[in-house]
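As structure tokens, the structure follows; a few thoughts come after it.
The values are calculated or read from the model by the stated rules, or taken from the named source; none is laboratory data. Predicted model only: the values in this text are computed from it and were never measured. Please note: Cβ atoms are built from the backbone with ideal geometry, for glycine as well, and neighbour counts cover all protein chains shown. These accessible areas exclude ligands, DNA and RNA; they are computed on the full protein's heavy atoms, side chains included. Shrake-Rupley method; radii C 1.70, N 1.55, O 1.52, S 1.80 Å.
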Amino acid sequence: MLNLSAPSQGLLFFGILYRSDLYTDEVFQKKIEDLFGKVISFTPEFNPLSSYYAKEMGEASKLKRTFFISTSPYPREFLLSTKLLSLDWEKSWSQEAKRMVNVDIGFLSAENFILATTKNYAHRIYLGQNIFADLTYQCAEGGFQTLPWTYPDFQDQAKVEFLNWCRTFLLMQSKVKTT
């Protein structure tokens, strides 16, 4: 008889790109911590998609990005429900039917880093409710490695290093065995 075992848990990721003249990191941190507990934050300097988002959100120089990672592990199923929740957040922070906040949701495990998206593509897996999983990094040679389709915004070495640090935090916290 086949015995199924539950997959290891991981950390929830929140990548917030927002208008810094309208919001602060503290607003988002409080919202996330109220629902998911304490987080670790990181503010990357390199944001190559600011001009892309400026078309909707306004002046690129006012856009700021901050990453938040849960400090408590969650089941993998939380990726879908958290992405759906983030879409509601984006709507509530919109002005005149335009987003002022973009929320990327992801899941960091010992094996990989996955972002949730509403857009389908050849390498994405359907999760349900119009949400897809995008394998952004895989773990190889002791850390996360980008893939040919990794978003340009996530190819920056400082971001990879931060997420590798978070992976180490997860491994130490949960005592996950790597092979």
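Solvent-accessible area of the stretch 112-179 (1.4 angstrom probe, protein heavy atoms only): carbon and sulfur portion equals 54 percent. Per-residue Karplus couplings for the stretch 108-118, computed as 6.51 cos²θ - 1.76 cosθ + 1.60 with θ equal to phi - 60°, are listed in order as 9, 10, 5, 8, 6, 10, 10, 9, 9, 8, 8 Hz, Gly and Pro entered as x.
Rounded to the nearest 10 degrees, the angle from helix 78-92 to the longest Cα principal axis of the chain is 10 degrees. With all protein chains kept in place, the per residue accessible area of the stretch 1-54 amounts to 60 square angstrom at a probe of 1.4 angstrom. Under the combined filter of DSSP loop state and at most 15 neighbouring Cβ atoms within 10 Å, the stretch 1-52 retains these trypsin sites (Lys or Arg not before Pro): Lys38.
Calculate the dipole size of the stretch 6-82 relative to its Cα centre from +1 charges on Lys and Arg beta carbons and -1 charges on Asp and Glu beta carbons; express the result in debye to the nearest 20. Before the final figure, lay out each step's value.
Numbers: 9 positive and 9 negative charges, 16 e Å.
Taking the Cα centre of the stretch 6-82 as origin, the dipole is about 80 debye.
For the chain, the dipole from Cβ point charges (+1 on Lys and Arg, -1 on Asp and Glu) about the Cα centre works out to 240 debye, to the nearest 20.
Backbone geometry of the stretch 2-13 corresponds, through the Karplus equation with coefficients 6.51, -1.76 and 1.60 at θ = phi - 60°, to 3J(HN,Hα) couplings of 7, 9, 8, 10, 5, x, 4, 8, x, 9, 7, 10 Hz, x marking Gly and Pro.
Under a model in which nothing but the beta-carbon of Lys, Arg (+1) and Asp, Glu (-1) is charged, the stretch 81-137 shows a dipole of about 160 debye around its Cα centre.
What shape does the stretch 27-144 take by its C-alpha gyration tensor, where a ≥ b ≥ c are the square roots of the eigenvalues and a/c under 1.5 counts as rounded, a/b above b/c as prolate, and the rest as oblate? The shape class here is rounded.
How would Asp21, Asp34 rank on accessible area, largest to smallest, probe 1.4 Å?
Greatest to least solvent exposure: Asp34, Asp21.
For the pair Ala60 and Gln155, label points projected 7 Å from Cα toward Cβ lie 1.7 nm apart.
For the stretch 23-29, the Karplus equation 6.51 cos²θ - 1.76 cosθ + 1.60, evaluated at θ = phi - 60°, returns couplings of 9, 10, 4, 4, 4, 6, 4 Hz by residue, with Gly and Pro reported as x.
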